[in-house]
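Colleague: Here you go, one structure.
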Amino acid sequence: MKILVINPGSTSTKMAVYVDEKPILLRNITHTAEELVPFDAITEQQDFRRQLVLDELAAADIDLDFDAVIGRGGLVKPIAGGVYEINRQMIDDTLHGCVMHNHACNLGCLIAYEIAEEINRKRLCTQASATAAHAESAQHRCRSFIADPGVVDELSPLARISGSPLMPRICIWHALNQRAIARRYARGIGKEYEDLNLIICHLGGGISIAAHEHGRAIDANNALDGEGPFSPERAGSLPAADLIRLCFSGKYSEKQLLKRIAGKAGLNAHLGTNNMREILQRIKDGDTHAQLIVEAMLYHVAKNIAAEAAVLCGNIDAILLTGGMAHAEYIVSELRRRIGFLAPVYTFPGEDEMEALALNALAVLQGKRDVKVYD
């Protein structure tokens with residue numbers, strides 16, 4: 001099976017081509033601020049980014065001929081975990097107001113669907129002129145999918161209730177990578193993900209922490225909108241009354257304050273950068289203020305991990321640390337010191353999103369996993 005994987009981020013578009021489980025092309029197409037200036041809305045970048053993907057395929061001499069195209073899922077309405085076939089309802093929700101946030105990941109389903117449809121149009125043209133010997137292959141449709149988007153919602157009823165009925169809890173988290181890491185850990189110990197109780201912490205630009213109970217994430221924080229620990233570029237939970245007073249102070253616009261929640265927040269606000277390598281070097285060079293802020297972040301990460309232990313009633317098989325910051329021994333050792341008493345701690349540095357997307361599509365094509373319908 002030949003699969004095209006597309007993973008749009010704020011300043012890059014990652015793409016890959018897999019033949020079954022094997023990657024034959026991996027590319028990270030970066031986008032400068034100047035290139036993105038002409039686009040007022042992220043969805044306006046669709047044609048620009050799609051063409052860059054097609055150009056990379058052409059440069060690598062890879063034909064536009066795939067069994068499936070899978071994109072990173074966007075921030076549409078909350079859905080259960082799994083693999084979804086992209087349909088018109090998902091496209092319409094992404095383009096016309098059902099999207100929860102204006103994030104580059106919303107481009108994933110749009111580009112994947114468009115490329116798959118282009119492949120299918122070409123196959124129809126081929127079918128019209130095909131001999132009987134080639135008719136069967138010409139009829140084969142390229143399918144388009146997303147898998148485990150950031151709005152996967154499997155929260156328990158208790159987890160949804162906040163202190164105000166006006167604001168029930170929702171989760172926006174690194175569902176795709178967390179699930180991929182969970183399955184990789186389970187395979188490594190000869191078990192199934194659905195047999196385990198895990199706490200998984202994704203340490204990236206945003207930090208998400210989830211309690212996985214037998215294959216369902218029954219509790220997870222909103223890692224984008226201001227819940228949980230602060231991170232390199234997000235504020236995490238803030239004092240609610242102080243935030244309300246700030247909103248009515250007249251000092252900031254709504255747009256500016258939202259940036260103070262996600263973007264110009266966390267380490268970026270305290271230290272002027274979200275670059276962890278730079279910050280860790282500053283600590284190594286004796287910057288005690290940088291050390292204080294990073295240790296405060298890790299303190300709150302550990303505290304939130306411990307809170308998920310209560311969700312699982314202390315029945316935890318393992319704690320898994322993943323994401324870019326898990327590469328740093330300074331960070332891992334400090335977290336291990338604080339949470340190691342709860343359960344064994346294992347690290348899976350970086351993220352597994354491209355492989356996870358490819359393997360999810362492959363599992364559907366091979367009939368090993370059911371595909372879900374977005375409605």
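Colleague: May I ask for the distance between the Cα centers of the range 1-64 and the range 179-215, given as a whole number of Å?
Modeller: With the range 1-64 and the range 179-215 each reduced to a Cα centre, they are spaced 28 Å.
Colleague: Helix 353-365 versus the longest principal axis of the chain: what is the Cα-based angle in degrees, 0 to 90, to the nearest 10?
Modeller: Result, in degrees: 40.
Colleague: Another question about this same structure. Report the extension gain between LEU64 and GLU295 in nm, rounded to one decimal, defined as 0.36 nm multiplied by the number of residues separating them, less their alpha carbon distance.
Modeller: Stretched fully, the LEU64-GLU295 segment lengthens by 78.3 nm.
Colleague: May I pose another question? For ALA80 and CYS125 in the same chain, what is the full-extension length gain: residue separation times 0.36 nm, less their Cα-Cα distance, in nm?
Modeller: So the extension gain works out to 12.5 nm.
Colleague: I've got another one for you. For the range 216-340, with every protein chain kept in place, what is the accessible area per residue (1.4 Å probe, Å²)?
Modeller: About 53 Å² of surface per residue is accessible.
Colleague: For helix 46-59, report the angle its Cα long axis makes with the longest principal axis of the Cα atoms of the chain; keep it between 0 and 90° and round to the nearest 10°.
Modeller: Compared with the principal axis, the helix lies near 60 degrees.
Colleague: Which one of LEU36, HIS140, LEU26 is farthest out on the positive end of the charge dipole of the chain, using unit charges on Cβ (Lys, Arg +1; Asp, Glu -1) and the Cα centre as origin?
Modeller: Value: LEU36.
Colleague: Extending each Cα 7 Å along its Cβ direction at ARG141 and LEU246, get the distance between those two points in nm, one decimal.
Modeller: 4.9 nm
Colleague: So in the chain, what percent of DSSP beta bridges are antiparallel if you round to the nearest 5?
Modeller: 55 percent
Colleague: Next question. Work out from phi, with θ = phi - 60° and the Karplus expression 6.51 cos²θ - 1.76 cosθ + 1.60, the ³J(HN,Hα) of each residue of the range 110-123, listed in order in whole Hz, and give x for Gly and Pro.
Modeller: 5, 6, 4, 5, 5, 5, 4, 5, 5, 4, 5, 5, 5, 5
Colleague: While we're here: Could you tell me the relative contact order of the chain? Use alpha-carbon pairs under 8 Å, at least six residues apart, and round to a whole percent.
Modeller: Worked out over the chain, it gives 17 percent.
Colleague: Of LYS191/LYS368; LYS77/LYS259; LYS77/LYS255; LYS22/LYS77, which ones are farther than 24 Å apart at the Cα?
Modeller: Over 24 Å Cα-Cα: LYS22/LYS77.
Colleague: Calculated FRET efficiency, ARG184 and CYS313, Cβ-Cβ r, R0 25 Å, to nearest 0.05?
Modeller: Efficiency, rounded to the nearest 0.05: 0.50.
Colleague: With labels modelled as points extended 7 Å from the Cα through the Cβ direction, what inter-label distance (nm, one decimal) is found for ASP375 paired with ASN28?
Modeller: Placing both labels 7 Å along Cα→Cβ, they lie 4.1 nm apart.
Colleague: Another one. Return the FRET efficiency for the residue pair THR288, GLU194: r is the Cβ-Cβ distance, R0 is 56 Å, and the value is rounded to the nearest 0.05.
Modeller: 0.75
Colleague: Need the full-extension length gain, GLU21 to GLN51, defined as separation in residues times 0.36 nm minus the C-alpha distance. One decimal, nm.
Modeller: 8.3 nm
Colleague: Running a GNM on the chain with Cα contacts under 10 Å, which residue among ILE161, ILE42, ILE146 ends up with the highest mean-square fluctuation?
Modeller: In the Gaussian network model the winner is ILE161.
Colleague: Rank TYR346, TYR113, TYR330 by mean-square fluctuation in a GNM of the chain with C-alpha springs under 10 angstrom and give only the top-ranked residue.
Modeller: For the chain, modelled as a Gaussian network with Cα springs under 10 Å, the answer is TYR330.
Colleague: Estimate the FRET efficiency between GLN366 and ASP40 by the formula 1/(1 + (r/R0)^6), using the beta-carbon distance for r and 41 Å for R0, to the nearest 0.05.
Modeller: It comes to 0.50.
Colleague: Also, I was wondering about something else. Please build a GNM for the chain, connecting alpha carbons under 10 Å apart, and tell me which residue among PRO168, PRO38, PRO239 fluctuates the most.
Modeller: PRO239
Colleague: So I have (i) 53, 23, 17; (ii) 37, 24, 20; (iii) 32, 24, 21, and one of them is semi-axes √(5λ) of the Cα gyration tensor in Å calculated from this model. Which one is it?
Modeller: The value computed from this structure is option (ii).
Colleague: Let me know the shape class of the range 180-244, please: from the alpha-carbon gyration tensor, a ≥ b ≥ c as square roots of the eigenvalues, rounded when a/c is under 1.5, otherwise prolate if a/b is greater than b/c, or oblate.
Modeller: prolate
The values are calculated or read from the model by the stated rules, or taken from the named source; none is laboratory data. Everything quoted here is computed from the prediction, not taken from an experiment. Here the Cβ is made from the backbone with ideal geometry for all residues, glycine too, and neighbour counts use every protein chain on show. When the accessible area is computed, the model is the full protein with side chains, heavy atoms only, and any ligands, DNA or RNA have been set aside. Shrake-Rupley method; radii C 1.70, N 1.55, O 1.52, S 1.80 Å.
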